[in-house]
Amino acid sequence: GAGASDFPAAAGGAEFVKRPDSPDNSRMPKVYGLQWDIAWEDKPANFARIDRLLGGAGIEAGSLVVLPEMFSTGFSMNVGAIAEGQAKPAEAYLQSVARRYGVHMLGGVVNVGDDGWGRNQAVVYAPDGAEICRYDKIHPFTLGGESAHYAAGGRIEMFDWGGMKVCPLICYDLRFPEVFRAAVRMGAQAFVVIANWPNRRENHWTTLLAARAIENQAYVIGVNRSGTDPSHVYSGRSMIIDPHGAILADGGNDEGIIDAELRREIVTKWRDEFPALNDMTHS
């Protein structure tokens, strides 16, 4: 498998070590995941849909709110039409919602690099509206034509949420356990996987989310879209899975919001009780 050096991290990463710190019993805010039938290449329509979903959800301040991959457009290869450009409407929307609710907002956006290629990104804004993380999808989905329009990222990124180290990843990345392993070596305690994952491979989605949680002794939050686009049907099945592989929330197939409370001490306690990660090889 690939080592951490194959996927450079943002500054501050560290090798995984068993730490003797005492459990932190302070309650963390919830994580929320939104799934809906994303309006095709129609950013204002998707902003309005999200506003309606959030409006009745009683979102707690300090929480982490997660939207799917390319949440404002759907999984489009039309980079020129959907890229954020100078106005950056989807990013401005995420930032405004973060401030409005006092939450961390994570969602998928498209930008264009200096090389003219698209970048399929996950971006995170803090409750004060500050950008705290931006991740470029490491594995474009070649079978779906993504690698012909989007450049591959080369760095694992993380952000701190309530003292928990969270690593954002995107859709096809889920099939590559070496990326998750590298992130764990750098201290990741939770993963957020945002996606447009078609229903024909729904079983792969649910199985791999659980596997990544179990093998890395970490929370995994998978947030997928529902509905249809011009090419695919999507079954939703957004899920929150704990470090033991237990399903804390499952969004089913319809529009809605999943939520669960994450507790950092569950990660540290399980890693101490069953220190499998200390037996990782570095080959």
Practice prompt. Find, to one decimal place in angstroms, the Kirkwood hydrodynamic radius of segment 214-255, where the mean of 1/r is taken over every pair of different Cα atoms and then inverted.
Written response: 11.1
Item to complete: Could you work out how far helix 43-55 tilts from the main Cα principal axis of the chain, as a 0 to 90 degree angle to the nearest 10?
Response: 50
Item to complete: Report, in debye and to the nearest 20, how large the dipole of the chain comes out about its Cα centre when Lys and Arg carry +1 and Asp and Glu carry -1 on their Cβ.
Response: 180
Fill in: Built amide H within the under 5 Å cut-off of Arg263, gap 5+
none
Discussion item. From the mean inverse distance of alpha carbon pairs (Kirkwood) and the Cα radius of gyration, derive Rg over Rh for segment 116-226.
Written reply: 0.95
Worksheet item: What percent of all Cα-Cα pairs in segment 105-171 falls in each 10 Å bin, counting up from 0?
Response: 21, 49, 24, 6
Worksheet item: Between the helical axis of 202-216 and the dominant principal axis of the chain, each derived from Cα atoms, what acute angle in degrees is found, rounded to the nearest 10?
Response: 30
Discussion item. Run the helix sum for the chain: -39,500 (n - 2.57) per DSSP H stretch of 4+ residues, divided by residue count, reported at 222 nm to the nearest 500 deg cm²/dmol.
Written reply: -7000 deg cm²/dmol
Worksheet, complete the sentence: Rounded to the nearest 10 degrees, the helix 264-273 long axis (Cα) sits at an angle to the longest Cα principal axis of the chain of 40
Worksheet entry | segment 169-283 pair-distance distribution - Cα-Cα, 5 Å bins, rounded % | 2, 12, 23, 23, 17, 11, 7, 3, 1, 0
Worksheet item: Using θ = phi - 60° and the Karplus form 6.51 cos²θ - 1.76 cosθ + 1.60, what ³J(HN,Hα) does each residue of segment 178-194 get, whole Hz, x for Gly and Pro?
Response: 5, 5, 4, 4, 4, 5, 4, 4, 8, x, 4, 10, 8, 10, 10, 10, 9
Response to the item:
Mean projected area, convex hull of alpha-carbon positions in the chain, reported to one decimal in nm², is 13.8
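Throughout, read-outs are computed from the coordinates displayed, never taken from laboratory work. If you're wondering where the values come from, they're calculated on a predicted model, not measured in any experiment. Here the Cβ is made from the backbone with ideal geometry for all residues, glycine too, and neighbour counts use every protein chain on show.
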